[in-house]
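Taking it in order: structure first as structure tokens, then the write-up.
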Amino acid sequence: MTDTIKIDAMTRDQAVAELARLADILARANAAYHTEDAPDISDAEYDRLKRRNAEIEAHFPDLKRGDSPSEQVGAPVADGFSKVTHAVAMLSLSNAFDDADVSEFDGRIRKYLGLGSDVALSYTAEPKIDGLSLSLRYEDGVLMQAATRGDGAVGENVTANARTIDDIPGTLEGAPAILEVRGEVYMSHPDFEALNDRQAAAGQKTFANPRNAAAGSLRQLDANITRARPLRFFAYAWGALSDPLANTQMGAIERLNTLGFQTNPLTRLCNGPEEMIRHYRLIEQERATLGYDIDGVVYKVNDLGLQSRLGFRSTTPRWAVAHKFPAELAWTRLEAIDIQVGRTGALSPVARLTPVTVGGVVVSNATLHNEDYIAGRDNKGEQIRDGKDIRVGDWVQVYRAGDVIPKVADVDLSKRPKDAEPYVMPNRCPECNSEAVREPGDAVRRCTGGLICPAQAVEKLKHFVSRTAFDIDGLGAKQVEQFHGDKWITEPADIFTLRDRYGAGLQQLKNREGWGEKSAANLFDAIDERRNIGLGRMIFALGIRHVGEAAANLLATHYGTWDAFSTAMRGAEEGNEAWEDLLSIDGVGAVMAGSLATTFNQEAEIASIDRLVAHLNIEEAARPNTSGSPVAGKTVVFTGTLEKMTRAEAKARAEALGAKVSGSVSAKTDLLVAGPGAGSKAKKAADLGIETIDEDGWLDLIGSI
């Protein structure tokens, strides 16, 4: 066999035969692995054959084949990306924007853990790469799956594309049996510029910035396109593990590096906020010379045991924060102020700008928040921008803060046109001409048109189909606008009757411009898949004012089922039992409770919701595994000073055991845990005959659970 012949001893005929054999084997291996999901050779054997092919080509460059395996990676994905459910959620980070925020982060950590300022606490500090998050799952040292973050719970399967990135090893030696490596896919500045030059020369679309280029390149359906794009990868975290990588964050990062991953060389161990900020300043100074985009520095508690104790909020870990760089600035002309109407009826002013590049991104719009912001006041009536108002025609300084949304930072009064007039917020809705009112305590004007306002209807529908709500494949903002404009969809329930109304007959979806038989069938199928929906997503999707994703999940956990939630909301009136039960949920206040009660007591709104529910199977909220828990289903109140754990830890532990933690004592309270200093709550519990124990009693109760 030619496979046994040493390359430097090969004749030209033998080289031709061996290159043909390798091309055939590797082509079939690519098809088996990437298209058929049935690999017929091991990754190690594949890599060996590919290396041999490259070595022969180097020795006989004139014999390189037109279909050379060195020029081909993977095989086209047949029908787009499949979805991957993350074994461990890929969460985002909370942000810090100044030195005080960093000190507050350290203070929050210490308070939660019950650590004094004299106790040493170290953190890692690393550059925050501005790229696309990617999760890599290895089993027995072999890369099995790569997935984007998606909505944190479900991402896109981009395994074939990830295999084309040189920084991502196909196999590992000495890794845990299960290892999910997480990091950032990015593109260097020189590679980005060269890519845009090639795109422009070919008459193709250029990219706005390296992050967009990296994201667009990774999410190509043809892996060969991804391979032609110069992508890189930094590893900085992990998800599912069969065995710990180390006892510390820094140790785990070093372990990832020894396994073959690129880790950022600017990662440092810092003892407290002063050292963290000092390293931040160093990275900030070097930022322009790094050769890749970063937008801040990420700090993480170094001790993994403490990370475990700190745990997670609904969307972010408590033990990490992203310290963002100061906003990047540019001056430009404000050409107009337009009003957009949101799903809650809020009238939001938007600055239309002469396009300007800010931090590598072309900006033509900026938020103006509300009429107070335009007038030079904050929500407390205090001056901002030294009291300078914003007028059409002004020369304004625009910045992009950590939330990426461009804003106006300053106004150059020396360049203000003489005929510029103060801006007056409209008192009529620009969409439906209904009165726009500003209620006491509200920062914005709101359209009173409700369901007759087309802007509110469209925005509610866009929210309903958004990624963190129903997330219906093929039904995004563009399609919602199209279908609403044609009166095919006027409310959420209409989505679930689309197949019945427009799947056959004279007016069919497949016959519309931009649609075909397959795309229409795919949309109908995607809608049917979402007839089963989790309770938390359902509540969030309704777009109720003040009810965000985290609050929706709190409500879902508390009530468990749609019937229980809906019945409670319809019966909630200020002061009654349902109202008090709603307020007992830690994280629900009077404003949110009022918004929920208002929604479920408006005849038109509740009728629309009922029509929607008739088409759905709303799944019960997932409950923690509380087998053997002595407090499952009980309402617990903590009061006084806890000495062996912090209040936050006690609350988290109780909820993990299936208890409901309330901030006030009522007839529904089952157990009061009272530490030293317990006052009125202890007295009220005694008057109501509620069982009361001290902290030691609480620990004895739950100790082995």
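Go through (1) in contact with a helix residue (DSSP H, G or I) (Cβ under 6 Å, 6 or more places away or on another chain); (2) under 16 Å from residue 529 (Cβ atoms); (3) not charged (D, E, K, R) for residue 489 and report which single condition fails.
(2)
Cβ contacts < 7 Å: first residue farther than 19 Å from residue 670 by Cα, restricted to the range 612-634; second residue surrounded by fewer than 16 Cβ atoms within 10 Å (Cβ to Cβ) and modelled with pLDDT of 85 or more, any location; separation 6+ or different chain. Result?
Short answer, once both residue conditions are applied: 615/531; 616/531; 617/531; 617/532; 619/532; 620/560; 620/561; 621/560.
If you check 635, 646, 641, which single one turns out to be more than 22 Å from residue 589 (Cα to Cα) and under 33 Å from the mean Cα position of the chain (by Cα)?
Testing whether each residue is more than 22 Å from residue 589 (Cα to Cα) and under 33 Å from the mean Cα position of the chain (by Cα) leaves just 646.
Could you identify the single residue in 561, 599, 567 that is in contact with an Asp or Glu (Cβ under 7 Å, 6 or more places away or on another chain), without any contact (Cβ under 8 Å) to a residue 60 or more places away in the chain and of a type in the set (Val, Ile, Thr)? Don't jump to the end; show me each part of the working.
Details: 561 fails: without any contact (Cβ under 8 Å) to a residue 60 or more places away in the chain; 567 fails: in contact with an Asp or Glu (Cβ under 7 Å, 6 or more places away or on another chain).
Every option except 599 fails the conditions.
Any idea which of 520, 551 is assigned to a helix (DSSP H, G or I) and not assigned by TED's automatic domain parsing to the domain that holds residue 464?
Just a single option satisfies the conditions, and that option is 551.
Within the range 586-609, is even one residue among the β-branched types (Val, Ile, Thr) and in contact with a His (Cβ under 8 Å, 6 or more places away or on another chain)?
Yes, there is a match, as at least one residue in the range 586-609 is among the β-branched types (Val, Ile, Thr) and in contact with a His (Cβ under 8 Å, 6 or more places away or on another chain).
Looking at 372, 386, 412, 419, can you tell me which residue is more than 23 Å from residue 595 (Cα to Cα), of a type in the set (D, E, K, R), surrounded by 16 or more Cβ atoms within 10 Å (Cβ to Cβ) and more than 30 Å from the chain's Cα centre (by Cα)?
Working: 386 fails: surrounded by 16 or more Cβ atoms within 10 Å (Cβ to Cβ); 412 fails: surrounded by 16 or more Cβ atoms within 10 Å (Cβ to Cβ); 419 fails: surrounded by 16 or more Cβ atoms within 10 Å (Cβ to Cβ).
From the options 372, 386, 412, 419, the qualifying one is 372.
How many residues does the range 155-169 hold that are surrounded by fewer than 18 Cβ atoms within 10 Å (Cβ to Cβ) and at pLDDT 95 or above?
1
Of the residues in the range 695-705, how many are in contact with a Pro (Cβ under 9 Å, 6 or more places away or on another chain) and not in a helix (DSSP H, G or I)?
1
Within the range 284-313, take every residue that is within 25 Å of the chain's Cα centre (by Cα) and hydrophobic (A, V, I, L, M, F, W, C) and give me the one that is surrounded by the most Cβ atoms within 10 Å (Cβ to Cβ).
297
What are the pairs with Cβ atoms under 8 angstrom where one residue, in the range 530-550, is free of Cβ contacts under 8 Å to residues at least 40 places away in the same chain and the other, located anywhere, is aromatic (Phe, Trp, Tyr)? Sequence gap at least six, or different chains.
539/565; 548/540
Out of all the residues in the range 568-627, which are more than 30 Å from the chain's Cα centre (by Cα), of a type in the set (Asp, Glu) and assigned to a loop (DSSP other than H, G, I, E, B)?
573, 574
In the range 438-468, how many residues are in contact with a Gly (Cβ under 8 Å, 6 or more places away or on another chain) and aliphatic (A, V, I, L, M)?
2
Please go through (1) touching a Ser or Thr at 6+ places or on another chain (Cβ under 9 Å); (2) more than 24 Å from residue 611 (Cβ to Cβ) for residue 559 and return the number of the only condition it doesn't satisfy.
Failed condition: (2).
Scan the range 110-146 residue by residue and report those that are basic (Lys, Arg) and closer than 30 Å to residue 230 by Cβ.
Going through the range 110-146, the residues basic (Lys, Arg) turn out to be 110-111, 128, 137.
Selection gives 128, 137.
How many residues does the range 177-223 hold that are modelled with pLDDT under 85, among the polar types (S, T, N, Q) and either within 23 Å of residue 83 (Cβ to Cβ) or part of a strand (DSSP E or B) (or both)?
Residues meeting the conditions: 2.
Of everything in the range 389-404 that's at pLDDT below 80 and of a type in the set (A, V, I, L, M, F, W, C), which residue is nearest to the chain's Cα centre (by Cα)?
Only one residue tops the list, namely 404.
Within the range 450-500, can you find the residues that are part of a loop (DSSP other than H, G, I, E, B) and either aliphatic (A, V, I, L, M) or in contact with a Phe, Trp or Tyr (Cβ under 8 Å, 6 or more places away or on another chain) (or both)?
Within the range 450-500, 465, 468, 469, 470, 472, 475, 488, 489 meet the criteria.
Being closer than 23 Å to residue 462 by Cβ, exposed (fewer than 15 other Cβ atoms within 10 Å of the Cβ) and among the basic types (Lys, Arg) is the filter here; which residues of the range 489-518 pass it?
Across the range 489-518, the qualifying residue is only 501.
Can you spot a residue in the range 251-264 that is under 26 Å from residue 326 (Cα atoms), of a type in the set (S, T, N, Q), in contact with a Pro (Cβ under 7 Å, 6 or more places away or on another chain) and not in a helix (DSSP H, G or I)?
yes
Condition check: in contact (Cβ under 8 Å) with a residue 24 or more places away in the chain and in a helix (DSSP H, G or I). Does residue 681 satisfy that?
Yes, satisfied.
Where the second residue is of a type in the set (Ser, Thr, Tyr) and assigned to a helix (DSSP H, G or I) and the first is over 11 Å from residue 423 (Cα atoms) and touching a residue at least 40 places away in the same chain (Cβ under 8 Å) and lies in the range 370-389, which pairs have Cβ atoms under 9 Å and are six or more apart or on separate chains?
Cβ pairs passing all conditions: 379/373.
Within the range 422-449, can you find the residues that are in a loop (DSSP other than H, G, I, E, B), touching a residue at least 24 places away in the same chain (Cβ under 8 Å) and either aliphatic (A, V, I, L, M) or surrounded by 19 or more Cβ atoms within 10 Å (Cβ to Cβ) (or both)?
If the condition is that a residue be in a loop (DSSP other than H, G, I, E, B), touching a residue at least 24 places away in the same chain (Cβ under 8 Å) and either aliphatic (A, V, I, L, M) or surrounded by 19 or more Cβ atoms within 10 Å (Cβ to Cβ) (or both), then 425, 429, 431, 443, 444, 445, 449 are the ones that fit.
Hand me the list of strands (runs of 3 or more DSSP E) wholly inside the range 38-154 holding 1 or more residues that are at pLDDT below 95 and assigned by TED's automatic domain parsing to the domain that holds residue 253.
Details: elements: 83-85, 122-129, 132-139, 142-148.
The qualifying strands (runs of 3 or more DSSP E) are 122-129, 132-139, 142-148.
The values are calculated or read from the model by the stated rules, or taken from the named source; none is laboratory data. Note that this is a predicted model, so its numbers are computed, not measured. Note: ideal-geometry Cβ built from the backbone for every residue, glycine included; neighbour counts use all protein chains shown.
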